[in-house]
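The values are calculated or read from the model by the stated rules, or taken from the named source; none is laboratory data. Values in this document were obtained by computation on a predicted structure and should not be read as measured data. A quick note on method: Cβ atoms are made from the backbone with ideal geometry, for glycine too, and the neighbour counts reach across all protein chains shown.
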Amino acid sequence: MSSGSAPAADSRSLSAEDHGPETHTAHTTTEMETAGHGTAPDTDMYQQLLSQLNDDAGKNGQTGVVPRMMDIRRQLTEFQLHYKFGMDEVLTKINILREEFEHTRDYSPIEHVNYRLKSLDRIMDKVQRYGCEPTLKGIRHAIRDIAGIRITCSFVSDSYWVAEMLCSQPDLRVVEVKDYIRRPKPNGYQSLHVILQVPVFLSNRTEFVYVEVQIRTVAMDFWASLEHKIYYTYEGEVPGDILDELRDAAEKAAALDKQMAEIRDRVSSLKRQAPTSGEGATGPTPADRPNPSGWFSEGAPSEGSPE
């Protein structure tokens, strides 16, 4: 499944094959970096899904091989399009926020935006691992990252800021927030993962689809990209010494985030001593922003200092 067209949130898009297991003991970065990992989908899963689609085609009054095949294709196309539409809705919201900051303020917390739709192969692989029902209804209920968006920010506080702005949108349902900044994963990975339910207004009804949004810093994004390449090279069986080095590198990336935030705060303090307009080139510090306790019960942690 291709990423398809979307609002110009960013000229780059994620590939359709970049999600994998999130619950691996060692490799627990994020499903957006683990393309090609895990076992191959069981052919029985495909057969069960095909059987269900064929039954649905029969219920729609389709008879004969060709009409049934066309109806099956229609069902799969609708399934894919609904997630693409939901992803486009969120991308539009992100693009609006980004352009608002770029054109009306001196600073934008959004550096880059990437997106992807999970392919049918990757969906079926996850159906097998999750043990969920291999039907479109079962997949809709159990798998929440078919549509995925990654937002890259300069600072940790920016990640919370962007998450708060998204979570405050009245037409989005916040299903789950995973705060891997305050509580990093065992391998050192830090990020915010927000699962949203997005209304998709179709010609005859409104569908709510899941969209996963991952928000992290530039430094952590670089680390996660490298970690993915290493796991792909070793096909998931990474030597222990390299895992230790990766964990150390994640800690250094977090330390870099903290150091750069401290420099930013010093520069911001100096700029306030002179008359300036807007928020200043370095942007508002965390103290200048609303408390995000509405979505993050313990509030945003200080830069680079997760519990």
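Quick check: anything in region 128-140 surrounded by 16 or more Cβ atoms within 10 Å (Cβ to Cβ), touching a residue at least 12 places away in the same chain (Cβ under 8 Å), of a type in the set (Ser, Thr, Tyr) and not in a strand (DSSP E or B)?
Among the residues of region 128-140, at least one is surrounded by 16 or more Cβ atoms within 10 Å (Cβ to Cβ), touching a residue at least 12 places away in the same chain (Cβ under 8 Å), of a type in the set (Ser, Thr, Tyr) and not in a strand (DSSP E or B), which makes the answer yes.
Being of a type in the set (S, T, N, Q) and closer than 20 Å to GLU89 by Cβ is the filter here; which residues of region 153-174 pass it?
As a first pass, look at region 153-174 and keep what is of a type in the set (S, T, N, Q): 154, 157, 159, 168-169.
Across region 153-174, the qualifying residues are SER168, GLN169.
Can you name the residue in region 222-238 that is acidic (Asp, Glu) and over 24 Å from CYS153 (Cβ atoms) and, of all such residues, is modelled with the lowest pLDDT?
Kept after step one, since they are acidic (Asp, Glu), are these residues of region 222-238: 227, 235, 237.
Add one more test, that the residue is over 24 Å from CYS153 (Cβ atoms), and what stays is 235, 237.
Details: GLU235: 75, GLU237: 85.
Applying the filter and picking the extreme gives GLU235.
Which strands (runs of 3 or more DSSP E) sit wholly inside region 149-247 and have at least 1 residues that are among the acidic types (Asp, Glu)?
173-179, 206-217
Test each condition in (1) modelled with pLDDT under 95; (2) touching a strand residue (DSSP E or B) at 6+ places or on another chain (Cβ under 7 Å) for VAL213 and report the one that comes out false.
Of (1) modelled with pLDDT under 95; (2) touching a strand residue (DSSP E or B) at 6+ places or on another chain (Cβ under 7 Å), only one is false for VAL213: (1).
Given the criteria more than 12 Å from the chain's Cα centre (by Cα), among the aliphatic types (A, V, I, L, M) and under 19 Å from VAL198 (Cα atoms), does LEU136 qualify?
yes
The conditions are (1) buried (at least 17 other Cβ atoms within 10 Å of the Cβ); (2) modelled with pLDDT under 95; (3) β-branched (Val, Ile, Thr); (4) more than 30 Å from GLU245 (Cβ to Cβ), and THR104 fails exactly one of them. Which is it?
It fails just one condition, (1).
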